[in-house]
Structures are given as structure tokens and as C-alpha cells.
1. Looking only at region C:436-495, filter to residues that are touching a Pro at 6+ places or on another chain (Cβ under 6 Å) and in a loop (DSSP other than H, G, I, E, B); which one of those is surrounded by the fewest Cβ atoms within 10 Å (Cβ to Cβ)?
2. It is to be established whether one or more residues within region A:71-79 are facing another protein chain (nearest Cβ under 7 Å) and surrounded by fewer than 24 Cβ atoms within 10 Å (Cβ to Cβ).
3. I need a count of the residues in region C:584-627 that are over 18 Å from A:TYR84 (Cα atoms) and not small (Gly, Ala, Ser).
4. Could you list all residues from region C:638-652 that are out of contact with any Asp or Glu (no Cβ under 8 Å at 6 or more places or on another chain) and either under 13 Å from C:GLN129 (Cβ atoms) or of a type in the set (Phe, Trp, Tyr) (or both)?
5. Is there a residue in region C:556-571 that is at pLDDT 95 or above, hydrophobic (A, V, I, L, M, F, W, C), farther than 30 Å from C:MET455 by Cβ and under 11 Å from the mean Cα position of the chain (by Cα)?
6. Within region C:104-113, how many residues are buried (at least 23 other Cβ atoms within 10 Å of the Cβ) and either under 14 Å from C:VAL9 (Cβ atoms) or touching a Cys at 6+ places or on another chain (Cβ under 6 Å) (or both)?
7. Which condition does B:GLU183 not pass, out of (1) outside the structural domain of B:HIS101 (by TED's automatic domain parsing); (2) of a type in the set (D, E, K, R); (3) at pLDDT below 95, if it passes all the others?
8. Looking only at region A:88-96, decide whether some residue is more than 7 Å from chain B (Cβ to nearest Cβ) and within 29 Å of B:GLU270 (Cβ to Cβ).
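The values are calculated or read from the model by the stated rules, or taken from the named source; none is laboratory data. Quick caveat, the model's predicted, so the values are computed rather than measured. Here the Cβ positions follow ideal geometry from the backbone for every residue, glycine too, while neighbour counts run over all protein chains shown.
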Amino acid sequence: MANVQETAKDEPGFEPKIVAFLCKWCSSAGSDLAGVSRLQYPSNAVPITIMCSGSMSPMFVLSAFNKGADGVLVSGCHPGDCHYLKGNFYARRKIYLVQKLLQFIGLENDRFRMSWVSAAEGVKFAGVVDEFVKDVKKLGPQTRLKAKR
Amino acid sequence: MIDVAAIKAHAKALLEKGTVRAVIGYRNSTAGLLAEPFVFTGPESVDDLIYGPSCVQNLALYLVNDKKERAHHKSDDARPVAVVAKGCDARAITVLLQEKHFLREAIHVIGVSCEGTGVVDTKKLARKLGGKHAVEIDFDGGEAFAVTTADGVQSLPAAEIMAERCLECRGAHPQLADIAFGEAKTDRALHTPFQAVKHKMKEEQDNRWSFWARQFDRCLRCYACRSVCPMCYCEECVVDSIQFAVLPDTTAEEKANRIKWIERSPNRSESAMYHMVRAIHLAGRCIDCAECERVCPVNIPLRLLNTRLEMEAFETFDYNPGSDMNAPTLTSSFKDTDPNSFIR
Amino acid sequence: MTKRTGVFVCHCGNNIAATVDVARVAKEMGEVEGVIFSKDYVYMCSDPGQSTMANAIKDNKLDSVVVSCCSPTLHEKTFRDVTEEGGELNPYRCEIANIREQCAWVHKEKPKATEKALKITRAAIKRVQNNQSLTPIGVPVTRRVMVIGGGVAGIQAALDLANAGLQVVLVEKNPTVGGHMIQLSETFPTLDCSQCILSPKMVEVSKNKNIKLLTQAEVQEVSGFVGNFKVKVRQKAIYVDPEKCKICDDCAKVCPTVVPNEYDLNLTPRRAIFIPYAQAIPATYTLDESACLGLNPVVCGKCADVCEADAINYDMRPKTIVEEVGAIVVATGFDLYGKENLGEYGMGKYADVLDGLQFERLCSASGPTGGHVLRPSDHKEPKNVVFIQCAGSRDPESHCAYCSKICCMYTAKHATLYKHHVPDGQAYVFYIDIRSGGKGYEEFVQRSMERDEVMYLRGRVSKVYENNGSMIVKGVDTISGKNVEIEADMVVLALAMQPSKGTADVAKTLKIGRDKDGFLAEAHPKLRPVESVTAGIFLAGAAQAPKDIPETVCQASAAASKVIQLLSKDELMHSPAIAKVRLSHCTGCEMCVQACPYGAISLSGPNAKASVNDVLCEGCGTCQAVCLRAAIDVKNITQMQVHDMINACLGV
């Protein structure tokens, strides 16, 4: 197993870098609601608002890991609630494939996650981020796909 | 037994009548056992056409190349081109038709059966022959190949020297064909499909990563896999814009908007990204011709990687790549019943 | 990439500044490549804040701006207006970094929140530096409206629209407008006669010059987009010229075929040539081709022989009519939940188990019994009547999960009406809860209990069966905890409301969504209740959810006013942040065409490459994610921009 050195798990003080892709109409609005409700959750996940989870290119996920993300979250509207009618259904299929591929390659399962968060689910959003950050913290830094720069 | 003379006669007739402008097929190579793809343009040249277990290449690629060449030479010969197609080649052509890369009427498919066997794996054959040099290989009934070495002809069990993908092949007889030769044997898979993938999936994730890390470390980024893949017909690859096509209508903005998804240097992370993007882009399009793996100079098990998502296409989405040229593609369609439980 | 970016960091009083070091954000953003101006300010959205921004844009010749503040849903418009009006810069050169809802308000530790705010703002800078100047796309509108469904919702919407001066095409599937409301006897809680209040509106529909009424017609195909729909409508042949028909009934008298009358819920017969009821609009007889002995060749021909007005014409053929409209109101109404689903209540098996609409007809003066409540089986007056609420509603296990909303009220009305017709009778009501929210509703229910002595039993009925000509109703009274068995002369089920049978097809044709129960989906449950998700298509009435008449009328008028607002201008403005094809990369594989939720992409040109219809495209980017060749992007949120934002978020 030469060249494989990443065993660092649960480093003390490790703050994971997480990119959270949120669809504009549901999940980003849900995250706004979490804000309005003053819910507290870890600051590790930096949001990028995209128009629809359907516009989530697999390239974004792979690139984020390549640039050193310790975790990637994609969140969209619940099935049937998509502002664009069915973008989230395409997203579901694509993200499923990306997830299976990443797992096959050997990236830890908990580093990539998808969730459905509606505009009314501020509490759920905070919970999703909270849980995700906890899970990623357990894994330590993501070294497998990160580019050495 | 497939009648090669009949294939030849058909090809010859097509060229003589001028109904096609060329026949893409195989002929004996001057280097090694494997046949070489050849574009037959004159009726006499067809005498060299062969078909047998040495015809491993996916000729769909040569259709793609033919299209590129014709565009380059601004050819105005509107006649169709004929192509010899095994089951897998025909599936690849179906995917290309599905993606509107060709018009159906622009291609005359000469379907050929693999006779219940498949094509040879030269590495397996070399091991089997233990140093002896095969000069010819042919079908020998439904379960054996006739291999000619300096010692003469011997019959070897096909299952032992056949390409892995052929062992798992469920569609050895072309579904898409204007005319078909040989016996239609369906559902003749000798091994359980996706055997290697499933085996690999059972491994510990950390071990799987060690395995792939080793593979990606070796990648030279020679792009042979991409060059040999009939589905990699993009003018410019999204991960590596080495072939960026500057056309008369390319705007300055387009030139400026080339995204550098990965670095050019062949190191582990960048090669991993490259191969993963290829795997994702092949989801629902890869028809398992395994040419990528065959041509890889450093023996990266690319078939293992690329069939992982084909397994999902088949087993999760009930989607059989290359079976229906009129269906929407895997990723541009969905079902209400697609998996949902993986989403929190 | 732009080279003169300005960044404005808002304190939002203490809302942001308490947890984010705004001064540090402003300072560090000033050092980002291409940023030439960066400033924090206590309230960016205040008048002085806005002037600061406008002046900074002009003074520094900024070519792109980021405002780091609250959610873009709140002030994106404000700051884009400032950019355009004060700053004289294209508004699409302004982007918002949300550091309040998505940062300051959800974190406590200042250093961490500040780090995150830096990343969010830097990502917005990277995005805006590749933004293009865009101009909203103006689309001319057709100032005509189609209303689908001629029940009270459709009638109200059509009248409101017509009275506002818009041309209306009202499409109704049945031979007359009026819908279910015209079948009702009286309406709760005022007990005014349903026909008396609806028929004047129906007449108005037929008289109004702005309304074109197409009955026996169904929508077949819709193309186009908001402001410019093209709708193909197929109208059945009715074989009677409405202009000539004198409604003399001579034809029906000689017609040999007798079929059940749908308008009377099959409680009365009608002929093949018929008028549903006297007040039908359009006021004409109509020949039901499916019931007639034969028209091709003509088998009987008696009706044409006796018609003195010469109104009957067997040579009429179905017509396909194409209407161009700017907006569509869908008011396809409801049907009762299929009686075949409720075998345990004997529906469809026993003649004296009725649904609510049948009971309405029995109470109605124009009904089959001339306004006397009589049993269909033997025409005797029922002395004990059991009303069963929630028949099919609120039963997620085997029927509909939802509450049909109006049944509590109409059951109370039925029981009251029954008592008015049969003063010595006894009415029983099985209920789960009584939901009587509405003006005068609760008082009405109370009155039915107190004055009309309706016996309310809280519990479900398990079974209804016949015994010696009576119906035995077995149930449980959960309040006393006892099993109840009532010998009833008649049972009336308050069946669940479900979307009318054609609703699924209409939704599919119009490409508007439906909810899990099949009702038409509104764009937003609170704030856009009468808009569908597709721009230019509006919803009214029970097709959207179960509702009573006042609510339906409200929603119809609301939909009409939305349409009036939409069509009040000559041009519609469509967001310019739409998909754009890179022709050099497009191979014409059609994946985007297949995936586009709006059918906005098609292949065109000599090489059959993707081409986006600017007006149909909503900018969702689904195309961009399915394209394998990065040949299509949504303007101002391109893959390039997302790529740069990912880098900014990860500090690369």
C-alpha cells in the first residue's frame, strides 16, 4: 500500500471545509429561514446558491473534492416541489450515480451527501448541516481526491 | 458457423452497386494476431475482408472518425457508409444514433454474430500458449477457437481465452442491423454480469481507495482510453481542453471561458478526476466494449471503473445502454421510482 | 472578467456586525484581484446607504458590484435598482453575498463567522466579475384569455376578465355551463337557492360580447408561453344549431332512446336529444351522439322531422379550433370520490344509499321528485336518514388522506333541509370532527343540532346493509363508547371531493404540476395561491383543492385579477438570465432537449445544434448539468462562475 498515507482520523481542532450547493427556491430559502429563526449550526459549510439542484453538474462535486473540500452537500426541493417542475428528479438520478462512483473509488461515504430541504424547513436545514459537519469531522481531512498544490 | 464469404459478397455487392461509399470492416493486420480495422472503398479490396475472434476493435469508433474526416474534407458524397458490427459495436452505434451523432439512413449496418463466443483476449491467449506465437485464430463451433501456431492448428476452449467482457455479454448478436450474418444467440452470458465490479464492491473502502490510488498514480494521461472510445466524440474534452476547437463562430468570450477543471500534470488527484469524469460521462452510454482497458499502456482496469455505473444503469434504473435509439438517455430522463432513500 | 469591482459590506445595525467583523471583511475584500473599492456601512439599504453605493459606482467607474448583506430575496432588487438608476450600471452587474441569514444569524463565534463571511463574499466577487450586462426580454402579449371549465369558478373568472375589457374564451366539456353548483338545491349557510344565484351569471356569460363560449369542447394541445399561448380545442358536433333551436321540446318527445340524465345524477331519464335543464347556457337542445340510434347513416331521423325551426343538422362534424391567448385560467373543478371505492357503505349496491349531489337533486324543486325528499327505491318519504361524513376523506390507509373541507357544512345543510321537507323525520350524522370555520358556519351547524334536532354521533360507520327494505347502519359512538345500530330509510354519504376526471389530462397538456392527491399545484402555498408553476397559467376553484363556493369565487376573482395585471402591459418582461448554447461545443445530442422542463430547447440550424427559446427558458440550468460537453450555460451563473465560486469557498 505504498503512497497511501491518509489515516488521520478525528484530528483535534480539525475544522472541515464543506461546500453546500443549495437550490435557490427551496434549500437556500430554507437556510434563510434557519437564519431568520436564529438557529445555530456550525459555520463549516459555505453555501453556493444555484438555480436548481437540476443544474448541479457532477463536475462541481468532483471539482470541489479536487480543490480540497472535506465534504460536499447538495440540497434541493423535495420531489414534486421543484420550482422548475422536475429539475430535482434529474438531480436525484445524477447525484445517485456520482455518489456510487465516489464510493467505488474509495472516497468515504460520509463526505458526499444530498438532502431535500424545503423553504419551510429551516430546522431541518440546520440539522442537516449540523449532522454533516459532525460526520465529516470524524473522518478527518479529505486527502484522497485533493490536489497537491 | 458464420459465413465470411457471404459477408464479403454482401460488402462487394454494396460497393459495386455504389449504394454505399465505403465499408468499414476488418482485414488481417501486418503486425500481430489482431485484425485491423479498414475502410474498404473498392469492390476488389473487399477480398481482404475478414471476420473472426481477432476482430476485437469497436468499429463504431471508425464511424465517428469517418464523420470527422468527412467534415474536414467537406465531402459531399451523401451515400451511406456500411459498417461491420458485432453485438457490442451495434450497441455503440445505437447510442451514437440515440445522441443524433448520425442519421440512421447514413449507416448501413452489417451485423455479425459472435457465434456464441466472442473475441480473443491476446494476453490470455499468450498465457495459454505458454510462449508459442499464434498467427491465426478463428471460430471453431460455439465453444472453441481454432488457433494456429507454428505447430499447426489446435482447438482451444473459447471461455479460457476470450475477452472478459465477452464472457459477460448478453447481446452477442447485433440488435441493430440492416442485414445480419451468423446465428442469433441471445442471453448466452457465461459469467454473471458485473462480476468484477461486484467483487470489488465487497472490499473495504480503504482498500478500494488504495487500489485505485495505485492505478491513478500510474496513469500517464496519454488519453489512449479517450481516443479509442466511440463515445468520446466531443471536439473538446471538458476536463482537458487540449483540443479546444477554435471555429469561425468561436467568440472571444468562449475562448476566455475555458474552465481549468484539472491540472495538466499526470498526478494522482488530477488523473482520478479525469477518470471519474469519464466514468460519469459514460454513464448510460458505455456499452462495455472494453477498448479503453485494452489500449491502456499501463493496464489500468478501466473496464472495472466504467462498468460500475453501467451496473447502476441496468440494475437500478432498468436502463440498457445501446438498446433503443429512440429512448431518452439515462441522465436526461428520470422515473418517479428512482432511488430516494439515499437522500436525507 | 471585470476589472473594477466594488464591494459594500452592510452592518445591518448589529444584525451582521455583532457576529461578523465587517470592517475586516471590507478590508480583505479590497485586496481581492479586480476589487478597487470596498467599504462597510451601517445600513446599506437606507437612503444614505443607497446614495453611498450609487456615488461610489459613478465616482470609481465601477463595472461590477457586490453587496454583502441580507438574503437576495430581500434586497437584491433594491440594490440592482440602485446600480441601474443611481449608478448607471447594468443591474445584472450587481450580486448579493448573503452574510446575514446564511452566516451572521446562524453562528455565534465571531472569528468563524467572519471567515465564512469572507468566503461567501469572495465567491460573490468571483461570480460578479464574470457577469454579463443583460436586458430583460420584452415579449408582446396577446390580450385574450382562455378559461378552462365553466363551473362557478370559470364563470366568475370569465366575467371578471370580460368586464375588464379582455377577450375571453370559455371552454366547457359539458353541454352547459354551471358546473356542480347548478345541481345544488340551497347553499350554506344562508340557504339561498343555488340556481337563483348562479343562473343570472350564466346568462351574463352568454350575453357578454367579450366572452366566446365553447361548450362540449376540450383542450387538446397547448404550445407557446406566457403572453402567447396557442391552444387547440376540439369541439364535439352537437347536431343542433343553437341559433335556430326554440327549446320547444318537440324533438325530445319523439326521440325513442332513453338514457340516464347525468345532470340529475342518473336519478331521472333523458332522451338522446335533450337539454340538460331549462336554464342551460347555451340555451339549446343537443344531440348526444353516443345515445342516438345512429347518425351515419341516419337510423331514426324523427327529431329532424318534427323540428319546425329546422335546427337539427345531422351533417355537423367535430371542429378543431385554435385560439391564441395570453393567459389561461384552469378551473376544471371536482368530482365526487368514486362510489365504487366505498362498498362497505353499500354505495352503488342499494338504491337508497345516495351521495351528496344526489341528495341535492332530491331537495331541489327542479329535481326528479319536484322538491320532495323521497326514496329512489319506492318513492316513500324516509323517516330516518343517516348522513355519513368523511366518506372517503381523512382516511390515508384506504382512501383520500385529505379533508374535503365542505362536507361538514353541506351535511349540516342536508340534515336541515331534510327536516324542512320532512318535519317529523329524524336525521343522524356520523362525523369525526366538525369543521365549521367560516362566516356564519358554526352558527349554522349549531342551529341544525338545536333547532332541527339533528342527532350528531361522533364515530365512523363500519357497515351499511339492507334488511327488509331498510338500511341498517352499524357504527360506533366514540363519545358514549357504545356501538350504534340505526335502522334508516335512506343513507347519504358525504363523499370526498377529488379533482375532476379531466384534470390530470389538462395538467399534462398545460405542463402544470399536480400535488400528491392530484389537485393542481399552486406556485406557492401561501404567497402565490392562484398561480401555477408555469408562468401565465392560473388556477381557480376546486381543481386546486377542495373548497366551498365563496372561496371558489374569491379564487376565481383573484386569478382574474392576476391575469388582468399580467395583460395590462403591451409587453411582458422575461428574465434574461437564461441558457445560452456554445455552438462550437454542441454536438446536437439532444440530451438538453430531452431534459428541459419547459421544452425550451430544440435542435436547429444546418448542423442541428441546440437552440434556446429565450422566452420559454426559465434559466433553471438543468440543461447545463446534463450536457456532457459544457456546451450550454445559464447566463450569469455559468459553470465557469460556479467553478470560481467553489475555489473561493475553499480558499483556493
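1. C:GLY440
2. Initial filter on region A:71-79 (facing another protein chain (nearest Cβ under 7 Å)): A:79.
Remaining after also requiring surrounded by fewer than 24 Cβ atoms within 10 Å (Cβ to Cβ): A:79.
The answer is yes; a qualifying residue exists.
3. 9
4. If the condition is that a residue be out of contact with any Asp or Glu (no Cβ under 8 Å at 6 or more places or on another chain) and either under 13 Å from C:GLN129 (Cβ atoms) or of a type in the set (Phe, Trp, Tyr) (or both), then C:THR638, C:GLN641, C:HIS643, C:ASP644, C:MET645, C:ASN647, C:ALA648 are the ones that fit.
5. yes
6. Number of matching residues: 1.
7. (1)
8. Filtering region A:88-96 for residues more than 7 Å from chain B (Cβ to nearest Cβ) gives A:88, A:91, A:95.
From the residues that got through so far, the ones that are within 29 Å of B:GLU270 (Cβ to Cβ) too are A:91, A:95.
Checked region A:88-96: at least one residue is more than 7 Å from chain B (Cβ to nearest Cβ) and within 29 Å of B:GLU270 (Cβ to Cβ).
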